[in-house]
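> Have a look at this one.
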Amino acid sequence: MQRIDHYTSTAKWLHWAMAAIWLCAWLLGLSAVHWHSINADHRITLLHKALASTVLVLVVVRVAWRLAHPAPALPASMAPAMRRAAHTGHLFLYGVALMALPLSGWLWSSSGNHEVWMLGLVKLPALMAPNEAVQHAVGIFHTWVAWLCGALVGGHVLIALKHHFIDRDTVLLGMLPRRLQRQPSTRPSTPPTAP
Ligand code: HEM
Ligand code: HEM
């Protein structure tokens, strides 16, 4: 049986919670822009901003945790070039999908003089005074980077599934809860009857 190197439980919680938030934020952002009939009152935009802005806080906790707790080693079966590609991919996920994208959203709102309420509870300070030129440029940046990150995250998910179903290594298992991986018990299901 292969030995499984696991991420810490905190790293797993942060990964899966932020993955869920990120994917919902992505779908909400897309709906806000392209589904005018349900976003006439900007309700979806506000929901997008309220949810996505939590990533700005969570990513600080996550990076601090990650710096203190190294990731499990990648399988020895992976070629050196693939390991480097995996590390670069993770850096992009952190730097672009989890930092640059939400930061650009915040800057977009600030430059357009729109408020940002994290989870509808905490008002974030404006990053700058209103400025139409910046608002326009950052809006284009946020939109393009959102689409780029959609492709990046799509690739990340497909690669994780390839590791599990095609390469049959332990990369995905190391990010899943340990209790899903318990071996079936070897004990008999019914107690032995008395002679
Ligand atoms: C997890 C982080 C985020 C993701 C994945 C994300 C994703 C997206 C996507 C996919 C769009 C639609 C792009 C298009 O097709 O035009 C969008 C639009 C938008 N995003 Fe984000 N975003 C994030 C964070 C933020 C944050 C933190 C804010 C502001 C605080 C923000 C503000 C906006 C605004 C104002 C729009 C335009 C909505 C509209 O026109 O009604 N985003 N975002
Ligand atoms: C729902 C589908 C997802 C699956 C199945 C998945 C799977 C995985 C797996 C197996 C790893 C560990 C090792 C590796 O890839 O080499 C990982 C790491 C990572 N994932 Fe995901 N992921 C998903 C969604 C996301 C999303 C939406 C994001 C963020 C936008 C994300 C960001 C990351 C980052 C930054 C790492 C590196 C962790 C570290 O080493 O600190 N993942 N993911």
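> Just checking, how many residues over the range 147-180 are within 11 Å of ligand 2 (Cβ to nearest atom) and within 15 Å of Leu98 (Cα to Cα)?
Step one: list which residues in the range 147-180 are within 11 Å of ligand 2 (Cβ to nearest atom), which gives 149-150, 152-164, 169-176.
After this cut, where a residue has to be within 15 Å of Leu98 (Cα to Cα) as well, the list is 149-150, 152-154, 156.
Final tally of qualifying residues: 6.
> For the range 34-50, check the following and say yes or no: at least one residue is in a helix (DSSP H, G or I), surrounded by 13 or more Cβ atoms within 10 Å (Cβ to Cβ) and out of contact with any Gly (no Cβ under 9 Å at 6 or more places or on another chain). Steps first, answer last, please.
Filtering the range 34-50 for residues in a helix (DSSP H, G or I) gives 34, 36-38, 43-50.
This time we only want the ones that are surrounded by 13 or more Cβ atoms within 10 Å (Cβ to Cβ), so: 44-50.
With the extra rule that they be out of contact with any Gly (no Cβ under 9 Å at 6 or more places or on another chain), the set shrinks to none.
No, the range 34-50 contains no residue that is in a helix (DSSP H, G or I), surrounded by 13 or more Cβ atoms within 10 Å (Cβ to Cβ) and out of contact with any Gly (no Cβ under 9 Å at 6 or more places or on another chain).
> Hey, another quick one. Which one of Leu14, Leu74 is under 16 Å from the mean Cα position of the chain (by Cα) and either within 15 Å of ligand 2 (Cβ to nearest atom) or outside any helix (DSSP H, G or I) (or both)? Give the steps one after another, and end with the answer.
Details: Leu74 fails: under 16 Å from the mean Cα position of the chain (by Cα).
None of the others qualify; the one that does is Leu14.
> What residue, of Ala86, Ala97, is within 16 Å of ligand 1 (Cβ to nearest atom) and either more than 28 Å from Thr170 (Cβ to Cβ) or in a helix (DSSP H, G or I) (or both)?
Working: Ala86 fails: within 16 Å of ligand 1 (Cβ to nearest atom).
Answer to the check: Ala97.
> Okay, next question. Is there a residue in the range 1-13 that is aliphatic (A, V, I, L, M) and at pLDDT below 95?
Restricting attention to the range 1-13, the residues satisfying the condition of being aliphatic (A, V, I, L, M) are 1, 4, 11.
Next, only the ones that are at pLDDT below 95 stay: 1, 4.
Within the range 1-13, one or more residues are aliphatic (A, V, I, L, M) and at pLDDT below 95.
> Kindly provide the set of residues from the range 141-163 that are without any contact (Cβ under 8 Å) to a residue 24 or more places away in the chain and either under 13 Å from the mean Cα position of the chain (by Cα) or under 15 Å from Tyr94 (Cα atoms) (or both), ordered by number.
Ala151, Gly154, Val157
> Quickly run through the range 6-58 and pick out the residues that are within 11 Å of ligand 1 (Cβ to nearest atom) and among the polar types (S, T, N, Q).
Hits for the range 6-58 are Ser31, Asn39, Thr45, Ser53, Thr54.
> Pick from the range 78-94 the residues that are surrounded by 13 or more Cβ atoms within 10 Å (Cβ to Cβ) and more than 16 Å from His163 (Cβ to Cβ): which of them is farthest from ligand 2 (Cβ to nearest atom)?
Here the residue is Phe92.
The values are calculated or read from the model by the stated rules, or taken from the named source; none is laboratory data. None of the values given here were measured: they were computed from a predicted structure. Please note: Cβ atoms are built from the backbone with ideal geometry, for glycine as well, and neighbour counts cover all protein chains shown.
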